[in-house]
Each structure stands twice: as C-alpha cells, then as structure tokens.
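*Asks:* Pasting in a structure now, in structure tokens, and then I'll have a few things to ask.
The values are calculated or read from the model by the stated rules, or taken from the named source; none is laboratory data. Keep in mind that what you see is a predicted model, and the values were worked out from it rather than measured. Because the Cβ atoms are built from the backbone with ideal geometry, glycine has one as well, and the counts that use them run over all protein chains shown. For the accessible areas, the whole protein counts, side chains as well, though only heavy atoms, and no ligand, DNA or RNA atoms are used. Shrake-Rupley method; radii C 1.70, N 1.55, O 1.52, S 1.80 Å.
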Amino acid sequence: MKYSARLTKGSTNSWAVEFRHPILRDRRDANLGRKIRRGLGINEEEAKIIVEELNTILQDETYWSVTEIRRAKELYNQKTINIFYDQMEEDTSHNPWNIREEYHKLPEKEYTKVMLLGTTGAGKTTILRQLIGTDPNEVSFPAISSSRTTICDTEIIFSDSTTTNCIVTFLSQAQTIRLIEECVIEAFKRAVSGDDDKKIAKALLTHPEQRFRLSYILGQYNSTIKQSKIVESESLDFPYPDKSQLFDDMIYIIDKVKFLATEAIDACPPADDDIDKVIELLYEDWIREDTDTFHDLVSHILSLIKFRFNLMHNTGKMIRDTRGWPIYWTHDSNNKNEILHLMRFFAGNDGNRFGQLLAPVVNGLRIIGPFRPHWWKNDTVPKLVLVDGEGVGHDSSITTSLPIDVAEKFNKIDVILLVDNSVQPMLDIPKVIIHDTTFRGHQDKLIVTYTRFEDVNGPNLLDEEDRRDHVLSIQNSAIDSLLDTHNMNPKVVRQLKDSLSEKAIFLSNTNDLKNPPNELIEEMQKLIKTCLAVAKPHIPKGLIPIPSYEYDRLILVISETTSIFMQKWLSLLGIKTSQFPKQHWSRIKALTNRFANWPGVTRYDDLKPADDLASYLIQRLNIFLSSPKEWRNNPLPSEDEKQLMINKVMGHVSSKINNLVIERLKIDHHAQWLTAYAFKRDGSTTQRASQIRNIFEQTIPEPTIRYDVTTDDLLQEIKVIIEESIINAKNDSEDLIALED
C-alpha cells in the first residue's frame with residue numbers, strides 16, 4: 001500500500017495535513033493505516049513544505065521506526081517530525097514516577113513512608129493536612145471538598161531544610177487529547193438530543209469518570225458573566241481569570257459542538273426513534289470518520305490548555321517535550337507557603353480560579369520541605385513521607401480489587417494507612433483494601449484510622465470505650481468475613497484481628513486545623529508513633545527457612561481463578577447471570593477503547609478486568625504458597641518465621657503477577673481489543689461481549705485433561721515467578737541480617 005499526505009483547509013483560515021500512518025493501526029478495524037489529521041497553524045507555503053517532507057518520509061520505509069527520529073531531525077522540519085513520530089512515541093518516553101524520583105528520590109534510611117488508602121471522601125486529605133501543619137488562614141493545601149478532590153498522586157517529604165522544593169508531572173499530550181475527545185463526544189450526544197446549552201456545557205466540562213474536569217481549565221458555564229471579587233491578600237502576579245473571555249471561549253465551543261451535531265444529522269439522517277441508537281450511529285458514521293469539525297474542535301481545546309500553562313512562565317521551571325507539551329514543572333523557595341500557594345493552580349479547586357487551574361492534566365506532585373504538625377512539640381521534624389492519591393472509589397458491589405498501580409506501590413512503602421468513616425465503617429472498599437493488602441503479603445504494614453468518630457452515637461453507647469468497641473466489633477466482623485468469602489488462613493485472620501484492633505486510631509474533629517482538641521492531638525500522636533513502630537523491619541533470627549512447593553497443584557490455582565473471574569465478567573458482559581449487574585453497552589465499549597487505544601491503561605471507571613484478574617490470581621496463589629511441601633535450610637521454623645517468609649515471597653509474587661496479567665491481557669491481545677472496539681451497528685453489543693470473552697479465555701484458560709499450550713505456558717510462567725520470588729525473599733532476609741550485624 002502506498003501512503004501519501006495531502007494539504008486540507010482547516011478551520012479559522014488555517015491549514016491542516018492528512019495522511020494514513022504506515023505503522024499505527026486504525027482504531028476501528030485494527031488494520032495498519034490509522035488516519036492522522038494535524039492542524040498546522042502556519043501559512044500555505046510553509047504548510048506545503050511540511051506536506052512534501054511527510055510524503056518523503058512516507059515513501060521511505062527506513063524512516064518508519066522511532067529509532068530513526070535522530071536521522072530524520074537532521075533533514076526535516078521539527079513540525080514534520082512531531083506529526084509523524086509523536087503517536088509512535090506516545091506515553092513511552094516519560095514515566096511520571098521515574099521523573100519525580102530523578103528530581104528527588106524518596107528517602108530510604110531512617111524515613112517511614114506512609115501510603116494513605118480509603119474510599120473517596122473518607123478523609124485522607126484532611127488527615128494529610130493535620131500531619132503537614134496546614135494553616136487554613138494562610139493556605140488551602142491540599143484541597144478538600146464534598147466530592148472527589150484528589151485526582152493525582154501527592155507525595156510529601158518532611159525535611160529539616162528551610163528550603164522547600166517541588167516537582168509537578170503532567171499527563172501526556174496524547175492522553176489529554178483522548179480525554180478531550182471523550183468530553184466532546186459527551187457534549188455531542190447532548191446536542192444531538194436537542195438539549196440546551198447548559199446541559200451541553202455540563203457534559204463537556206466533566207468527564208464521565210469524574211477525574212478530567214475541563215471546567216477547571218475552561219471555566220464554568222454561566223448564562224451571565226460574573227466577575228470574581230479580588231481577595232486583597234491575593235498576589236497580583238496571578239490575577240483571577242477574565243470571566244468575559246472565558247464566556248466567549250465557552251460559547252464558541254458550544255456553538256461548534258452544536259454545528260457538529262447538525263452536520264452529522266444532515267450527513268446521516270436518523271432512521272430510528274431510539275435516541276441512544278441514533279446517537280451511536282451518528283458517532284460511528286460521522287465522529288469516528290475523523291471529521292474536520294471534530295478534530296479542529298479538539299485541537300482548539302488543546303490549544304486553550306497549552307495557553308493556560310503560560311500562567312507559570314515567570315515562576316519555576318517548565319520542561320517540555322519536542323512538541324511543546326509540558327512534561328514537568330519544578331520550583332524551590334525558602335518560603336514554604338509560596339510553594340503551597342502555587343499548588344492551588346496544580347491541585348486546587350477554588351471556584352474563583354476556574355479557567356486557569358491545571359489540576360485535570362496533573363498526574364503527580366512531590367514536595368520536600370519543613371513540614372510538621374502544629375501540635376508537634378519535638379525539636380526534630382518527624383521523618384515521614386506521606387503518599388496520598390485518588391480514593392479507591394465509592395463503595396460499589398462491582399469493585400472487588402485494588403487498582404494494580406496502587407498495589408504496585410506496596411513494596412516501596414512501609415505503612416499502609418487505611419482511612420475509613422467510623423459512622424459507616426467497613427463497607428465494600430475498606431474490605432477490599434484489607435483482603436488485597438493481606439493476600440499480597442503486606443498485612444503487617446496495615447493500620448486502620450477512623451475519621452468522624454465524634455459522630456458515632458447511639459443509646460447503647462454510653463462512653464468513648466463503648467463507641468470504640470462498637471466500631472472494632474464491625475471491623476472484626478469484616479475481617480471474619482474474609483475467612484468465609486476468600487478462604488483465608490484462620491491463623492492469619494486471628495492475627496489480623498488482633499493487630500488491627502491494637503493499631504486502630506480514632507479521630508474526632510479532624511477538620512479543626514487551627515485549634516485541634518486534645519483528644520485529636522493524642523490520637524494523631526499515637527498515629528505517628530504507630531507508623532514509626534510498624535515501619536521497623538522484622539529481622540530473621542537463625543537460619544532463613546526456604547519453602548518448597550508441589551507445582552502440579554498450580555493447576556487448581558488457575559482453575560479456581562478462571563472460575564471466579566469468568567463468573568464476574570460474563571455477568572458484567574451480560575452473557576450469564578450472577579450477583580454482578582450487566583453493564584451498559586457504552587461502558588463496555590469505553591473499556592475496550594482503553595485497552596485498544598490507551599497505552600498503559602487497563603480500566604474504565606470501576607470496570608477493571610486486569611485488576612480483578614491479578615487480585616483473584618494472587619488470592620489463590622497466597623493459599624497455595626501458605627502450604628509448602630517442605631521447608632529447606634531451616635526444616636523446623638516457628639509459625640512466625642514461616643509467615644514472615646511467605647509474606648516476603650508474596651510481596652515479590654504479587655508485583656510479578658501484576659506485570660504478567662497486563663502483558664497477557666492487554667499487550668498480547670492488543671489486536672483483538674481493537675477488533676472489539678471496532679464493532680458497530682446492530683448486534684455490536686453481542687459481538688463485542690463475545691470477543692472480550694475470547695480474550696479472557698485465552699488470557700486465563702480453563703485447564704483441561706488434555707495438553708494445552710496456552711495453559712502449560714501460563715503454568716510455567718507462574719512457576720518461574722514463584723521460584724524467582726523465593727530467591728528475592730531470601731536475599732531480602734539476608735540483607736536485613738547483614739544490616740543488623
């Protein structure tokens with residue numbers, strides 16, 4: 001097939017280039033030749049040069065590799081390079097965690113790294129504010145609200161230094177474009193339905209997953225222009241956004257969405273009264289055909305986002321990629337509050353600032369500075385690293401596992417702080433956190449902290465001891481349920497109940513940052529002391545016991561994992577019936593889009609097949625590893641020594657299983673996910689569900705009596721993972737003994 005580029009007329013008197021990419025697969029049919037359209041923002045003569053250079057590259061296969069970028073840069077315009085190579089490079093060049101580690105590595109020695117986990121709205125951020133000593137009269141950081149607030153990773157390192165340093169990392173441009181596209185499509189649906197401007201704007205400004213809020217960047221939609229009052233203490237370096245300009249931009253975007261809907265209806269007249277079906281067909285036949293109007297609108301919104309970054313051009317240091325998209329921003333100051341004030345643009349939610357907040361495109365921030373609680377009386381700063389992130393989710397019967405990217409951090413931290421609401425404790429999500437943490441071998445790191453303890457009341461609760469006992473009884477019942485529903489080792493269940501009862505923290509009036517009551521201070525101090533105690537490693541005594549296993553039993557691990565995983569997902573797909581409800585076709589389709597077209601992404605909202613599969617497989621492997629055939633090196637270890645070694649092995653196994661699942665489910669079946677996403681028109685829901693089922697059956701096949709290559713490969717991979725993890729665990733123990741000596 002011959003590939004060529006052509007010049008086309010874009011919107012607003014600009015020029016664009018179109019071509020089929022020889023390496024990238026089409027998102028509809030998985031065939032090579034994805035259609036690329038790029039606005040050029042230059043005059044016609046300059047645009048013709050870009051097209052000529054692209055055609056030269058398209059006719060020479062030796063350039064069709066990312067490794068040839070350097071050679072191409074010596075001959076061609078940078079804009080030409082960006083257009084051809086950017087999607088080939090997308091999301092592979094920059095790992096946000098690694099970038100933050102290169103800037104300031106999380107400290108190892110003497111520091112305790114605490115990771116906060118909990119249901120959305122449980123109070124994690126409020127506890128964080130207490131620990132870092134936020135003064136609400138000076139700065140509002142981290143931001144809190146009644147809805148989902150924390151949408152990026154936040155890492156705070158306590159330091160003795162008077163200097164405060166920070167780094168903020170951003171979503172890639174490719175991922176930002178995809179999110180904008182989905183927002184525009186939601187607005188398009190409302191326009192096709194005949195909704196008014198306000199409903200169209202609402203659909204545009206808040207992504208269905210509630211994380212990517214364009215309202216933060218573009219401003220809220222208001223039918224009238226309201227200018228904000230300037231707070232006297234507000235720095236003149238950062239004036240409030242111009243509401244009039246935001247209003248004009250919003251009207252322009254809404255008009256374009258309405259024009260897009262009219263254009264689609266005129267080109268593909270609806271032949272059905274079912275509005276959902278009409279919208280889907282218009283989307284398939286118009287939007288997905290790469291219409292100029294749609295892509296020009298997405299490019300326009302992206303340009304507005306890029307412009308918002310200019311707010312920080314005189315403050316800190318912004319590092320950009322070759323396309324001009326920000327990778328990260330850094331700044332340091334001898335004034336801690338200066339840094340925290342700047343965070344309102346990267347992690348704030350002040351409604352007066354809507355139109356210039358960058359939080360939707362931030363994926364992580366790390367701050368190192370002289371943090372300490374207001375009530376901390378010691379002269380030395382507590383050596384803490386606090387790791388906060390997005391809540392695991394609202395309580396949902398669909399959520400049965402932790403996200404893989406959350407679980408991946410367990411090996412890097414010392415304490416897992418489960419934050420729960422004491423008024424309604426131990427609902428679905430907290431139980432998921434407990435069982436996933438335990439099965440992954442990290443139960444010794446777990447602490448439970450209950451917020452809103454002041455609201456625990458009842459006629460049978462006469463004093464504080466009664467209230468504590470009431471919450472702890474619910475906690476123990478939740479842990480007992482693990483024995484019945486997950487077949488957890490009874491001894492581990494007893495140890496977990498005793499440990500978490502002893503380490504439970506009860507916090508009242510946590511929002512009182514300026515004058516916290518004595519009861520809160522006492523519990524917060526207990527929290528810090530408990531974290532420091534938990535972080536102390538268990539030093540093996542005597543010979544290190546090495547477990548040995550009968551690997552033929554792994555066939556049962558795969559069989560049981562397959563059964564429980566397929567039971568859930570065949571129900572969600574609508575193929576079979578169970579306690580899990582059938583999901584709307586649009587959500588399943590969005591999930592296939594994530595697997596097919598979003599590098600590194602394996603879930604949509606609370607639909608998380610990779611997370612589920614990893615969690616279920618790790619649960620069964622934990623049971624398998626808890627019953628070794630024999631112990632070598634130390635044939636008669638104590639029960640504590642056995643459990644310590646199994647936990648170490650499980651820590652390594654769980655991380656390796658995460659990688660195995662992503663590789664088998666997403667990477668190995670990428671073409672099939674593209675096919676699943678491409679189904680359209682009548683029968684597409686059934687076809688898509690059937691294709692996903694085939695992917696799942698190949699990823700985690702049901703073992704049979706006859707030899708099966710897929711099953712045998714999986715068995716061998718798991719066996720290798722276990723053997724490597726035993727070696728890693730042995731080395732960890734030897735390192736601890738060496739440090740003790």
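*Asks:* Under the classification rounded if a/c is under 1.5, otherwise prolate if a/b is larger than b/c and oblate if not, where does segment 547-608 fall, given a ≥ b ≥ c as square roots of the Cα gyration tensor eigenvalues?
*Replies:* Values: a/c = 3.74, a/b = 1.65, b/c = 2.27.
Oblate is the answer for segment 547-608, as a/c is 1.5 or above yet b/c matches or exceeds a/b.
*Asks:* Sort largest first and round to whole Å: the equivalent ellipsoid semi-axes of segment 515-586, each the square root of five times a Cα gyration tensor eigenvalue.
*Replies:* Values: eigenvalues 374, 201, 10 Å².
That gives 43, 32, 7 Å for the three semi-axes.
*Asks:* What value, in deg cm²/dmol to 500, does the helix sum -39500 (n - 2.57) over DSSP H runs of n ≥ 4 give at 222 nm once divided by the residues of the chain?
*Replies:* On the way: 24 runs with 346 residues, N = 741.
-15000 deg cm²/dmol, from helical runs alone.
*Asks:* Still on this structure, I have one more. What percent do you get for the relative contact order of segment 296-423 when only Cα pairs under 8 Å and 6+ apart count?
*Replies:* Numbers: 57 pairs, mean separation 14.8, N = 128.
RCO, segment 296-423: 12 percent.
*Asks:* Same structure again: R0 = 22 Å: FRET efficiency of Glu464 with Leu532, Cβ-based, nearest 0.05? Don't skip to the end; give the middle numbers.
*Replies:* On the way: r = 25 Å, r/R0 = 1.13.
Calculated transfer efficiency: 0.35.
*Asks:* Restricting to the chain, what percent of DSSP beta bridges are antiparallel, rounded to 5?
*Replies:* Of all bridge pairs located within the chain, approximately 60 percent are antiparallel.
*Asks:* With respect to the cross-link table entries Lys9/Lys189; Lys202/Lys608; Lys73/Lys409; Lys105/Lys445, which display a Cα-Cα separation exceeding 32 Å? Spell out each step's value before the answer.
*Replies:* On the way: Lys9/Lys189 26 Å; Lys202/Lys608 26 Å; Lys73/Lys409 38 Å; Lys105/Lys445 22 Å.
The pairs that break the limit, which is 32 Å between Cα atoms, are Lys73/Lys409.
*Asks:* Helix 464-485 sits at what angle to the longest principal axis of the chain, using alpha carbons and giving 0 to 90 degrees rounded to 10?
*Replies:* 80
*Asks:* When the gyration tensor of segment 287-368 is built from Cα positions, what are the square roots of 5 times its three eigenvalues, in whole Å, from largest to smallest?
*Replies:* Semi-axes (√(5λ), whole Å): 29, 15, 10.
*Asks:* Continuing with the same structure: How big is the shadow of the Cα convex hull of segment 137-212, averaged over all directions, in nm²?
*Replies:* On the way: hull surface 31.5 nm².
Orientation-averaged projected area of the Cα hull: 7.9 nm².
*Asks:* From the C-alpha coordinates alone, can you work out the Kirkwood hydrodynamic radius of segment 386-468, in Å?
*Replies:* On the way: mean 1/r = 0.0705 Å⁻¹.
Result for segment 386-468, one decimal place: 14.2 Å.
*Asks:* From the phi of every residue in segment 301-309, what ³J(HN,Hα) in whole Hz does the Karplus formula 6.51 cos²θ - 1.76 cosθ + 1.60 yield, where θ is phi - 60° and glycine or proline is x?
*Replies:* Going residue by residue, I get 5, 4, 5, 5, 5, 4, 5, 4, 5 Hz, with x marking Gly and Pro.
*Asks:* If you don't mind, there's one more thing I want to ask. Remind me, what semi-axes does segment 422-550 give for its equivalent ellipsoid, largest first in whole Å, using sqrt of 5 times each Cα gyration tensor eigenvalue? It would help to have the intermediate numbers written out before the result.
*Replies:* On the way: eigenvalues 188, 77, 27 Å².
Each semi-axis is √(5λ); the values are 31, 20, 12 Å.
*Asks:* Take every Cα-Cα pair in segment 469-624 and report what % of them are more than 28 Å apart. Spell out each step's value before the answer.
*Replies:* Working: 6160 of 12090 pairs.
Beyond 28 Å sits 51 percent of the P(r) for segment 469-624.
*Asks:* In whole Å, what is the distance between the alpha-carbon centres of segment 536-593 and segment 293-344?
*Replies:* Centre-to-centre distance over Cα atoms comes out at 40 Å.
*Asks:* Sticking with this one: How would you order 717-724, 651-658 from highest to lowest mean count of nearby Cβ atoms within 10 Å?
*Replies:* Working: 717-724: 16.1, 651-658: 22.6.
Answer by packing, highest mean first, reads 651-658, 717-724.
*Asks:* Quick one: helix 336-347 against the long Cα principal axis of the chain, what's the angle to the nearest 10°, folded into 0 to 90?
*Replies:* 60
*Asks:* Using packing as a proxy for protection, rank 429-437, 344-352 so that the peptide with the highest average count of other Cβ atoms within 10 Å comes first. Intermediate values should be presented prior to the final figure.
*Replies:* Working: 429-437: 22.9, 344-352: 18.7.
By packing density, highest mean first, the sequence is 429-437, 344-352.
*Asks:* How many Å² of accessible area per residue for the chain, probe 1.4 Å?
*Replies:* 44
*Asks:* So for each of 517-523, 696-702 I average, over its residues, the number of other beta carbons within 10 Å; can you give me the resulting order with the highest mean first?
*Replies:* Values: 517-523: 14.6, 696-702: 17.4.
Going from most to least packed, we get 696-702, 517-523.
*Asks:* Rounded, prolate or oblate: which fits segment 171-220, taking a ≥ b ≥ c as square roots of the Cα gyration tensor eigenvalues, rounded meaning a/c under 1.5, else prolate when a/b beats b/c? If you can, show how the numbers build up before the last one.
*Replies:* Numbers: a/c = 2.55, a/b = 1.65, b/c = 1.54.
Prolate shape, in that a/c is at least 1.5 and a/b is the bigger ratio.
*Asks:* Set the Förster distance to 56 Å, then compute FRET efficiency between Lys514 and Lys198 from the Cβ-Cβ distance, nearest 0.05.
*Replies:* Numbers: r = 39 Å, r/R0 = 0.69.
Taking R0 as 56 Å, the efficiency between Lys514 and Lys198 is 0.90.
*Asks:* With a cut-off of 8 Å between alpha carbons and a minimum separation of six or more residues, what is the relative contact order of segment 261-356 in percent?
*Replies:* Numbers: 42 pairs, mean separation 13.2, N = 96.
Across segment 261-356, relative contact order equals 14 percent.
*Asks:* Let me check against my output: what whole-number percent is the relative contact order of the chain, with C-alpha pairs under 8 Å and at least 6 apart? Before the final figure, lay out each step's value.
*Replies:* Working: 1118 pairs, mean separation 119.7, N = 741.
Answer for the chain is 16 percent.
*Asks:* Using the Cα centre of the chain as origin and beta-carbon charges of +1 (Lys, Arg) and -1 (Asp, Glu), tell me which of Gln716, Phe212, Thr530 is placed farthest towards the positive end of the dipole.
*Replies:* Comparing the listed Cα positions along the dipole, Phe212 ranks first.
*Asks:* Here is a further query. Quick one: the Cα spread of segment 489-536 along its three principal axes, in angstroms, biggest first?
*Replies:* Taking max minus min along each principal axis of the Cα atoms, segment 489-536 gives 45, 22, 13 Å.
*Asks:* Please compute the Kirkwood hydrodynamic radius over segment 595-673, one decimal place, Å, based on all pairs of different Cα atoms.
*Replies:* Values: mean 1/r = 0.0686 Å⁻¹.
About 14.6 Å, per the Kirkwood formula over Cα pairs.
*Asks:* Could you please state how large a percent of the accessible area of the chain is carbon and sulfur, counting protein chains only and using a 1.4 Å probe? Show your work: numbers first, answer last.
*Replies:* Numbers: 15630 of 32650 Å².
Percent of accessible area from carbon and sulfur atoms in the chain: 48.
*Asks:* Could I ask something else about it? Roughly how tilted is helix 684-699, in degrees to the nearest 10 and between 0 and 90, from the longest Cα axis of the chain?
*Replies:* Value to nearest ten degrees: 40.
*Asks:* For segment 373-417, just the Cα atoms, rotate onto the principal axes and tell me the three extents in Å, largest first.
*Replies:* That works out to 47, 23, 12 Å along the principal axes.
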